[in-house]
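Have a look at the structure below, then the notes.
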Amino acid sequence: MRIKELADRVGVSTRLLRYYEEQGLLAPRREENGYRCYDEAAVRRVEHIRGLLRAGLTTEIIREVLPCLAAAAKSEYGDPDFVRRIAAERERLRERVTVLTRNLQAMDEYLSAVSRASAAEVA
C-alpha cells in the first residue's frame, strides 16, 4: 500500500510516517517511481510505535524495542544491557503513572468540591 493508504488506515498524517522513516522506525520498500510502498505488517508496526510514544518512550528507545517485540513473543532474550535499560525506562514510566494518578485524584477531588458548592448555592 502507498503512504496515503497507510496514513488513513492508522489515522496519522503522511508527514508523521515520513518522520518515522527518518527515525529508522519504518522501512518502506521503494517502487521504481520512488513511491513508498508498505506491506500489511506496517499497520501493526505503526500502531506499536504510536502506543510506545503515548507511553512516553523516545524514538531512540522505540527503534531498539521494535525488533525485540517479535523476539519477546518467542521468549528470546536480548543483550543484558538493553534489558537493564528497558527495565529502567519501565520504572521511569511507573513513576510518571504514580504522579499522574495523584494529579488525577486531586482534580477529581476539586471537581467534586466545586460540584457540591454549586449544588449548595442552587438549593
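All of the numbers you see were taken from the coordinates with simple rules; none came from a lab. Note that the structure is predicted; figures quoted are calculated from it, not measured. All Cβ positions, even for glycine, are placed from backbone atoms using ideal geometry, and neighbour counts span all protein chains on display.
Note that the stretch 37-49 has calculated 3J(HN,Hα) couplings of 10, 10, 8, 4, 5, 5, 4, 5, 5, 5, 4, 4, 4 Hz, one per residue in order, obtained from phi through the Karplus relation 6.51 cos²θ - 1.76 cosθ + 1.60 (θ = phi - 60°); glycine and proline are x. Over the chain, with a Gaussian network built from C-alpha contacts below 10 Å, which listed residue (98, 58, 14) shows the highest mean-square fluctuation? Most flexible of the set in this elastic network: 98. Taking the chain as a Gaussian network, Cα atoms linked when under 10 Å apart, which of 41, 27, 113 shows the biggest mean-square fluctuation? Largest GNM mean-square fluctuation: 113.
Hey, if you drop one equal point scatterer on each alpha-carbon of the chain and run the Debye formula without solvent, what base-10 log of I(q)/I(0) do you get at q = 0.13, 0.19, 0.20, 0.22 Å⁻¹? Debye output, listed in q order: -0.70, -1.06, -1.12, -1.23. Once the Cα atoms are used to define both axes, helix 59-73 deviates from the longest principal axis of the chain by about 80 degrees.
Exposed loop chymotrypsin sites (Phe, Trp or Tyr not before Pro) only (DSSP loop, at most 15 other Cβ atoms within 10 Å): please give the longest stretch of the chain free of them, not including the sites. Please list the in-between numbers first.
Numbers: sites that count: 35, 77.
Result, exposed sites excluded: 78-123.
Let's test the formula: R0 of 25 Å, r as the Cβ-Cβ distance of residue 16 and residue 104. What FRET efficiency results, to the nearest 0.05? Spell out each step's value before the answer.
Working: r = 28 Å, r/R0 = 1.12.
After rounding, the FRET efficiency stands at 0.35.
Annotation: amide H of residue 2 within the under-5 Å range of 38, sequence separation 5 or more or interchain, hydrogens built in the peptide plane. For the chain, the longest principal axis of the Cα atoms and the long axis of helix 80-122 meet at an angle of about 30 degrees. The residues neighbouring residue 39, those whose beta-carbon lies less than 15 Å from its own, together hold a net charge of +2 under the Lys/Arg +1, Asp/Glu -1 convention. Our analysis of the stretch 1-69 gives Rg over Rh at 0.95, with the two radii drawn from alpha carbon positions and Rh computed by the Kirkwood formula.
Calculated from DSSP H runs of 4 or more alone, at -39500 (n - 2.57) each and per residue, what is the 222 nm mean residue ellipticity of the chain, nearest 500?
Values: 5 runs with 89 residues, N = 123.
Value at 222 nm, helices only: -24500 deg cm²/dmol.
Just to be sure I understand: with springs between alpha-carbon atoms less than 10 Å apart, which residue in 31, 64, 22 has the highest mean-square fluctuation in the Gaussian network model of the chain? Result for the chain, Cα springs under 10 Å: 31 fluctuates most.
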